[in-house]
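Presented below is the structure to which this report refers.
The values are calculated or read from the model by the stated rules, or taken from the named source; none is laboratory data. Quick caveat: nothing in here was measured; it's all calculated off a predicted structure. Because the Cβ atoms are built from the backbone with ideal geometry, glycine has one as well, and the counts that use them run over all protein chains shown.
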């Protein structure tokens with residue numbers, strides 16, 4: 001459902017754009033009518049592009065609107081005076097990170113050793129030893145193949161968002177959603193690592209002291225939950241990472 005405050009906020013943005021000659025009279029009338037008739041947050045969000053919301057963010061994602069599905073995922077977790085400035089998901093097609101330079105050889109050797117163990121004990125009919133080795137084979141299969149499947153599925157259910165007040169990560173689950181959020185004012189810093197194509201990772205915890213490497217939280221090793229918690233909130237493999245980080249810095253200054 002769309003609240004009147006949300007509808008009024010979108011209408012105000014459209015009026016400002018029309019007054020600044022960024023919208024033609026026909027386009028303004030069309031969008032205004034659609035805003036008054038919108039019944040969902042997704043329909044409402046589709047009427048306003050990133051350029052309309054904040055002209056300084058014009059270089060982000062051309063002039064495409066935030067995907068309605070992303071708005072629907074984040075909307076239930078917003079406060080009454082909070083709105084989305086940017087939202088996107090991690091790229092599910094990017095399977096590897098720099099940690100895989102270590103994890104892939106390690107997992108292959110682990111699996112090879114576990115399979116060799118199983119073959120050896122089966123040849124001598126040592127039933128207890130066979131059962132003992134099965135968990136190690138299962139762990140090897142997960143590290144070599146399963147974690148990439150898990151990571152891709154999790155990414156398809158993940159939405160990152162930047163609002164006027166917070167940065168959020170929302171992971172959809174059958175029983176609800178896991179939400180990790182940090183107020184803009186509480187962010188100790190913003191660190192960005194991006195490729196030439198613009199894809200990159202934004203890290204929001206730059207605290208000093210020993211910490212696990214950032215890539216560990218994006219490795220698909222779900223049983224290392226404690227390490228992921230120590231790493232903190234990150235936006236992994238998003239498009240236009242440097243520009244999103246710049247938007248966050250501007251919003252932090254405003255906050």
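Observations, loosely collected:
- The sole residue among 152, 181, 177, 161 that is in contact (Cβ under 8 Å) with a residue 12 or more places away in the chain and under 30 Å from residue 114 (Cβ atoms) is 152.
- Test: residue in the range 187-200 that is touching a helix residue (DSSP H, G or I) at 6+ places or on another chain (Cβ under 8 Å), modelled with pLDDT under 85 and not in a loop (DSSP other than H, G, I, E, B): yes
- Check on residue 199, surrounded by fewer than 16 Cβ atoms within 10 Å (Cβ to Cβ) and in contact (Cβ under 8 Å) with a residue 12 or more places away in the chain: no
- Checked against (1) modelled with pLDDT of 85 or more; (2) surrounded by 15 or more Cβ atoms within 10 Å (Cβ to Cβ), residue 102 passes all but condition (2).
- Unmet criterion (only one of (1) farther than 21 Å from residue 159 by Cα; (2) modelled with pLDDT of 75 or more; (3) buried (at least 19 other Cβ atoms within 10 Å of the Cβ)) for residue 70: (1)
- On the stretch given as the range 8-31, residues that are part of a helix (DSSP H, G or I) and out of contact with any helix residue (DSSP H, G or I) (no Cβ under 6 Å at 6 or more places or on another chain) total 11.
- Residue tally, condition modelled with pLDDT of 85 or more and either surrounded by 17 or more Cβ atoms within 10 Å (Cβ to Cβ) or closer than 22 Å to residue 81 by Cα (or both), over the range 1-30: 0
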